[in-house]
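The values are calculated or read from the model by the stated rules, or taken from the named source; none is laboratory data. Everything numeric here is computed off the predicted structure, so don't read it as measured data. Reconstructed Cβ throughout: ideal geometry from the backbone, glycine too, with neighbour counts over all protein chains shown. With ligands, DNA and RNA removed, areas are computed over all heavy atoms of the protein, side chains included. Shrake-Rupley method; radii C 1.70, N 1.55, O 1.52, S 1.80 Å.
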Amino acid sequence: MTEVPVGLRERKKQRRRATIAAAALELFDRQGFAATTIPQIAEAADVAPRTVSAYFPAKEDLLFPDAADERERLERRLRERAPGERAAEALRAWIVDELPAWRAQEAQALARRRVIAADPALQAVEQELISSMERVFAAAIADDLGLAGESLEARMAAAATLAVFDVLGADHKEAHECAPETMDWDAMLLQLDRALAFVDAGIQALRED
């Protein structure tokens, strides 16, 4: 699919948005989410408080600045699957596409985890974001199986898939914190392949029933 060139004005907006989110994350990590105010974030990012709110209407949005775009890209990748391409295969391809950005933002991801771990309300927000991704994947699985999007089988398969990410994410976090310089992303992708193959086998067993 041909990418639409991004104009200068849009690039400036993207940079400003990224600057605001980075300033917010640094403050959240240093002094806590609840203790950090929008004016403080605005001062750190060298913008007006109303600019912060224009880019991020809810304070929680500052902690998850890429969530909506990631979900949109996943929806598009699943929607535009090639004939015969299964949902798990498309998910794996999406992960490979996203991996360079995740690797580049590793330090931010670890800071975000610390902020979330310290705030139960943010944990609830994160869980809702995970649930929204789960619903997207469940709809694709249901399409594979010829079932309704809200079918129990599709929801269970999607939940099992997201559980895989929880396990791998915990292992990745532990490995990175113990020895960040030895983090083996290729090995992690291989683990993911094995886990997705396991999940996909279960989905195909449902198809055959």
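Tabulated data
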| item | result |
| --- | --- |
| Residues satisfying the stated conditions in the range 41-67, i.e. under 19 Å from V115 (Cβ atoms), assigned to a helix (DSSP H, G or I) and not charged (D, E, K, R) | I41, A42, A44, A45, V52, Y55, L62, A67 |
| Total residues in the range 117-161, condition of a type in the set (A, V, I, L, M, F, W, C) and either closer than 30 Å to G32 by Cβ or not in a helix (DSSP H, G or I) (or both) | 11 |
| Out of L129, L91, L99, L62, sole residue that is under 16 Å from the mean Cα position of the chain (by Cα) and either within 16 Å of E26 (Cα to Cα) or at pLDDT 95 or above (or both) | L62 |
| E72 vs. criteria in contact (Cβ under 8 Å) with a residue 40 or more places away in the chain and outside any loop (DSSP other than H, G, I, E, B) | no |
| Any hit, the range 60-69, residues being open to solvent by 60 Å² or more (accessible area, probe 1.4 Å) and under 30 Å from Q191 (Cβ atoms) | yes |
